[in-house]
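Step one of this worksheet: look at the structure below.
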Amino acid sequence: MELARQQQLFARLCTDRRFREEFFAAPAQVAAREGLTVAAEGLASLPPEQLRQFARLLRTRRLGEVGLALPLTRRVLGLRFVELFKDHAIQGPPPGERPGEDALAFVEFLHRGAAGTPVEPAWAMSLARYEAAKVQAQWLGRRKLIMRRFPHALRRLVADLAGGAKPEGDYSGWTFAVWCCASSNQEPRHWLW
Amino acid sequence: MIGNGIFLGDRAGGAEHSGLELLTKRARKRPAFARAGTALNSMGRKTEITNLLANLPRLGAGLAYREPFRAELLQRQPEVDFLEIDGDRYIDAPPARKNELAVLSEHFTLIPHFCRLSLGSAEGVDPVYLEKVARLIKQLSPPWWSEHIGFTRAGGITLAQPAPLPFNREGIDVMKRNIVTARRAIAAPLILENVFAPLVWPGGTMDPAEFIGEVLGHGGCGLLLDLANLSANAPVLGCDPQALLDRLPLERVVQVHFSGCRESKGRLVESRSQPVAESMWELLDAVVTRAPVRCLCLERDDNLPALGHLLQEVERARALGHQHKRWN
């Protein structure tokens, strides 16, 4: 069905900035390359700025969801979190459909240094990985045991943040975290050393 | 507990839960609305739909549920006539969230609102997701449930916000087909929301209000009128919100979303982070005057104020409904 093809193209245009800009620069060539000639005919007449506006709205919604999944990381990074998320989100649509999957992909994006500049302070990366593991333990499936090791004193950092204190120092040390779930109907139990 | 580690397993919400359990003793008894749709096969379709919409309960004024307000909402239950919940958040949810839903459902009439079912997807509705939505709705037994006149799924991509459809016959046919599929699985009445559409899809052959009217008519659905979306779309369509309102099938309005908008260059711009502007109250008044609304729902996502501030706005909306005799 023609509309189905158009919707697929529209969804990609809204979530992949590089593809969008390529498409509006040379719609016929891109459409031919992607085998979308007929579907593309209609969408090529969309004003690019309107599509960009919708893409920004989608990114803002994703940012809101990911911020809820990684609340401490968002808090400590502030505006930098928003900038880093933008770098992540313009690359493509959220992976999967579950709420936590976008947050996990974002943390993976940060972890492999894809943002270009390392996340500062260094302990913020450990905090992001810690919150990602928590998301995994709560949402993503049937894993009964999750273990993680972090190169920072996360127990102290989390306590500081919970108490409303401004994090200070480099939080040097090591932390070992475990989430364990007896069944999918139970909340995971969590230990932090 | 293992070793000398700290045990964090019962979550910070543990203390709240014990409080919530106490509160369940004074839980509100709710009528079972959801069976209203089960008689659909035995009567003429249009009459049934009309009756279905006409018989929906008059709920009053409430708000879209946000987690930070959980404990306080339970304390201030009498000030809220219903809660709209983001249904997608409770699909495949972790146990803590399921418990939260159970507690809320004992105290409030809940209206589940979805966007990931994607009734506007030309590739059809995901049957697995539909089954999960149906199960949740059956569990809640709401007076109605809602989705959007738009799509969020296409080609394996999930959009975080419903995208508009082309205003043409193909768009109507897609909605109609998916609504039929959904209604086979879900007995509770369905209402559909007008989506935010900063762009007009090429290939449209009809007026947007006519398109909405056709979708609702064919699908036998009520309208969830989002005033912020209406206000934001009007300039794109080259008209003002009141003019767009005039063309909509107001007799089908069941629920209204209203929210804080800011004014920019004489236009209302959607912003669920501000108090409700006077121009929005005026628009709401115009709707309540003319449409047989069953409830008014305040939405606020960001920059959350104290709950008391939101409840003042809910009370103002409730008074508006009283004034126009939409409820007692």
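The values are calculated or read from the model by the stated rules, or taken from the named source; none is laboratory data. Values in this document were obtained by computation on a predicted structure and should not be read as measured data. Ideal geometry is used to build each Cβ from the backbone, glycine not excepted, and the neighbour counts take in all protein chains shown. All accessible areas refer to the heavy atoms of the entire protein, side chains included, with ligands and DNA or RNA removed. Shrake-Rupley method; radii C 1.70, N 1.55, O 1.52, S 1.80 Å.
A:Leu36 falls short of the stated requirement of being hydrophobic (A, V, I, L, M, F, W, C) and under 30 Å from A:Leu77 (Cβ atoms).
Among residues of the range A:147-169 being more than 10 Å from every other protein chain (Cβ to nearest Cβ) and touching a residue at least 40 places away in the same chain (Cβ under 8 Å), the one that is least open to solvent (accessible area, probe 1.4 Å) is A:Leu161. Scanning the range A:59-75 finds one or more residues that are loosely packed, with under 13 Cβ neighbours inside 10 Å, assigned by TED's automatic domain parsing to the domain that holds A:Gly163, under 20 Å from the mean Cα position of the chain (by Cα) and at pLDDT 90 or above. Remark: pairs (first residue in the range A:36-48, away from every other protein chain (no Cβ under 11 Å); second residue assigned to a helix (DSSP H, G or I) and of a type in the set (D, E, K, R); Cβ separation under 8 Å; 6+ apart in sequence or on different chains) = A:Val38/A:Glu2; A:Val38/A:Arg5. If only residues of the range A:1-27 that are among the aliphatic types (A, V, I, L, M) and open to solvent by 70 Å² or more (accessible area, probe 1.4 Å) are counted, the one that is nearest to B:Glu123 (Cα to Cα) is A:Met1. When you look at A:Ser172, is it over 23 Å from A:Leu77 (Cβ atoms) and open to solvent by 30 Å² or more (accessible area, probe 1.4 Å), yes or no? In short, no. Residue count for the range B:183-229, restricted to those that are over 20 Å from B:Gln242 (Cβ atoms), over 16 Å from the mean Cα position of the chain (by Cα) and in a helix (DSSP H, G or I): 8. For A:Glu21, the stated conditions do not hold, so it cannot be described as free of Cβ contacts under 8 Å to residues at least 40 places away in the same chain, within 11 Å of chain B (Cβ to nearest Cβ) and not aliphatic (A, V, I, L, M). Counting the residues of the range B:87-101 that are open to solvent by 40 Å² or more (accessible area, probe 1.4 Å) and either at pLDDT 95 or above or within 8 Å of chain A (Cβ to nearest Cβ) (or both) gives 2. Would you confirm, using the coordinates I've provided, whether A:Glu83 is assigned to a helix (DSSP H, G or I), within 11 Å of chain B (Cβ to nearest Cβ) and not hydroxyl-bearing (Ser, Thr, Tyr)? Considered against the rule, which asks whether it is assigned to a helix (DSSP H, G or I), within 11 Å of chain B (Cβ to nearest Cβ) and not hydroxyl-bearing (Ser, Thr, Tyr), A:Glu83 comes out as no.
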